[in-house]
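Engineer: Got a structure for you, questions after.
All of the numbers you see were taken from the coordinates with simple rules; none came from a lab. Quick caveat, the model's predicted, so the values are computed rather than measured. For neighbour counting, all protein chains shown are included, and Cβ atoms are generated from backbone atoms with ideal geometry for every residue, glycine included.
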Amino acid sequence: MPEPPRYCVECRYDCTALPRDRACPECGHAAPPGDAIVVQGYSFARNPALWLILLAVFMVFTAGSVVAAFVGSTRSVPVFSFVTNIVILLPLGLRAFYAARLYRQGGDITWFVEPTGLDVIAPSDTRTIRWSDFEYVTIERGGARHLARLSIFGGAAATASVWLDERHYDIYALRALLRARVADARAAAGLPPPAEPSKTPDFARYKPERPTTPRR
């Protein structure tokens, strides 16, 4: 599996071709610690193609409403259609721009998997969570193609998740690494071992075979 792309945490500059210990040439942000594993992904299952198609539909319907409002003899219906398109389809258009920008910038969430804990850098918050605060790790499939959500759960303040592109990350190896970090930290702190839930999202991707009834 090729090395995943690396983007600056501050300005999202593409640093894939640069040495790992070099600061960002665009904004000067320092490189991550040498012993940290950097994981970058998305806060939602983005599908840029779908959102861009919706944006194109929004532009076509809006342009048609504008032309009909100025050319047609009855302007009330085209004006109503134009306003409806703006109210309903404008949020989809904005989300399309946002999804396309995230696709170009490698996502909006960065994890620094360090020996002492997990550093989470997201648009809404930036926090450091100790490994002993976590309890279990799950994988969930769904949303856009090639994407899977890696989630690590603990208390209310010790929960984090990120959608990762499986073409760049071995998500099952990451899950094994996170599970090992959590188990070692909890054992060192004298806490009980991680208790996996009775049913995790991992099982959603496996469908049980239907029993076959022999023909008489």
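Engineer: Report the label-to-label distance for Arg179 and Ala122 in nanometres (one decimal), using points 7 Å from each Cα along the Cα→Cβ vector.
Structural biologist: Here the answer is 2.3 nm between the modelled labels.
Engineer: Hey, another quick one. Once the piece of chain linking Arg141 and Ile37 is laid out straight, how much longer is it, given 0.36 nm per residue of separation minus the C-alpha distance between them?
Structural biologist: 35.2 nm
Engineer: With r defined as the distance between the Cβ atoms of Ala195 and Leu18 and R0 fixed at 45 Å, what FRET efficiency is calculated, to the nearest 0.05?
Structural biologist: That gives a FRET efficiency of 0.60.
Engineer: Could you calculate the contour length gain from Arg167 to Phe44, that is, 0.36 nm times the residue separation minus the distance between their Cα atoms, to one decimal place in nm?
Structural biologist: 42.6 nm
Engineer: Could you tell me the calculated FRET efficiency between Thr159 and Ala56, based on Cβ-Cβ distance and R0 = 30 angstrom, to the nearest 0.05?
Structural biologist: With R0 = 30 Å, the Cβ-Cβ based efficiency is 0.25.
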